[in-house]
Structure formats: C-alpha cells, structure tokens
Amino acid sequence: MFRLAISGFCGKMGQRIFVLSKDDRNLKVIAGLESKNHPDVGKMIDGVKVTDNAEILKECNCLIDFSLPSAVINYLEYLIKFRKAAVIGTTGFSEEEQAKIKYASRKIPIVFSPNMSIGVNLLFRLTQMAAKILPGYKIYVEEAHHIHKKDSPSGTAKKIVQILNEEGFALKPEAVKAIREGEIVGDHKIVFESEVDKIELFHSAKTRDIFARGALVAAKWIKGKKSGLYTMDDVLFGKDKKGKK
C-alpha cells in the first residue's frame, strides 16, 4: 500500500485527489495537511485526519501538494528529514523558491510540474515539435482561467514560453494574453502563423479531475525512484530517465 499525504486537503483540488485515490486499492491517503488556522484542522473527514502538524509526513510515502508556495517550502524540510517523495503541482514560485525545490531534489525524488494534466503535457510535446519545425513563424500564446487564480500568466503558459524559447524563439512571459473570467478551469492556446498558413494547438480542461488524475499517476510513478527533479514529461514519456539534479 502506497501511503499519501495531501497538502491543501480541504480545497477543491485536494478533495478531488482524495476522492479519485479511492479508485485505486494500491493507494491510501493517510493525512490531510492544512494551515494551522484552517477551521477543519483536528477534524476527521471520511476517515482522514486533517492536521497542521507536518510531522505526520513521517507516516506517508509521498506528499501531493496543490496549495501555496510557502506551504511547499515549509514541507520540504520535513520531506528531506523523513526521506519522503513529493509531487508538486503548486504554481507561482519565485526563483528563490524554485532553487529550494531543486536543492531538495538532491535528497529526495520530486515530480515538479506547472500542470499535472496528461493532455497538457502532450500539448507541451506538440509545442516543442512544432517549434522545431516552424522557425521564423510568429507566435501567439493565450491562456484563460477562473477569476480566483492568483498567478498570471499561468505556470503552464510560462512553461510553454520556456519550451518555445529553448527552440530559438524570443517570447517574453508578459506577451502571453492572460484571461481571468468566471469559473474557467484552464484553457491554453498556441498559434504559429506565417504569410501562408496558421497552425493552432489548443487544450481545454473540462474539470479539475485531469490535474488530480495526473498527480496520482505521478505519485505511483515516483515510488522507488532515486532522488532527483522529475517532470510530468519524465512520468509520461521517459520512464527510465534519471531525474535532473
């Protein structure tokens, strides 16, 4: 039995990860982590204790985190202490915080991705392929999310920009058109345009379950992995690839 802890357990993502984990008899959520001021701390929710005590990480095999950057950085200390794995889907990290995650990956295995969706990670691959084949094309990137999303542009859009620039383009993150409207789960579009044609790559998330399912796939994949910094690309396309340190 692979034992999981979920940070942000009472949030929308945390609850979907918990519910979907029940479909796999090889997974068991043993703890739900929340901030100390959360009203549900100390309660039992469907057999899982909600706690603000990070020492509970000693009892799990892997932490799945979709909370806040500050929470992730705090938990890294305990994950290293107890030699536990992590799947991090949280976005909005500063460069300093990203450096701390990279440092932690020298000690423990971490899957760190701005988007855990299997479909979006396929989009990343297709974007890379298109960028290799279409040098000189004009690039347009657009993303849309719900009004509650704090970071803008999204971590996914920033990853798309990174992929494009690694293939020779010079797109700045601020050039991304970011829309915050209603309850949009997540839309991303990349347009390659020349004088003779236009190619569009588009992904639209229907529910948050795509991120929850991807996180659970990553958690199962990381079992037994050596320390290193992995991405969903490693999980989906390079299962024998060693993590980057």
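The table below gives the values:
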item	result
Segments 221-231, 161-171 sorted - mean Cβ within 10 Å per residue, highest first	221-231, 161-171
Solution diffusion estimate, µm²/s, Stokes-Einstein, the chain, Kirkwood Rh from C-alpha pairs, 10 °C, viscosity 1.306 mPa s	85
C-alpha long axis of helix 12-21 to longest principal axis of the chain, angle in °	70
Gyration tensor verdict on the stretch 1-64 (Cα atoms; rounded if a/c is under 1.5, prolate if a/b is larger than b/c, oblate otherwise)	oblate
Virtual spin-label span in nm between E97 and R180, 7 Å along Cα→Cβ	1.5
Nearest-ten-degree value, helix 118-133 long axis tilted from longest Cα axis of the chain	30
Entries in K22/K159; K177/K198; K36/K225; K22/K84; K12/K158; K102/K150 that, when Cα-Cα distance is taken, lie over 28 Å	K22/K159; K36/K225
The stretch 57-87: trypsin sites (Lys or Arg not before Pro) falling in loop per DSSP and having at most 14 other Cβ within 10 Å	R83
Principal-axis tilt of helix 95-104 within the chain, Cα atoms, nearest 10 degrees	50
Space enclosed by the convex hull of the alpha-carbon atoms of the stretch 118-205, per residue, Å³	87
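Read the figures in this text as sums done on the coordinates, not as results from a lab. Only a predicted model underlies this, so the values are computations on that prediction, with no experimental measurement involved. Cβ coordinates were reconstructed from backbone atoms using ideal geometry, including for glycine residues, and neighbour counts include every protein chain displayed.
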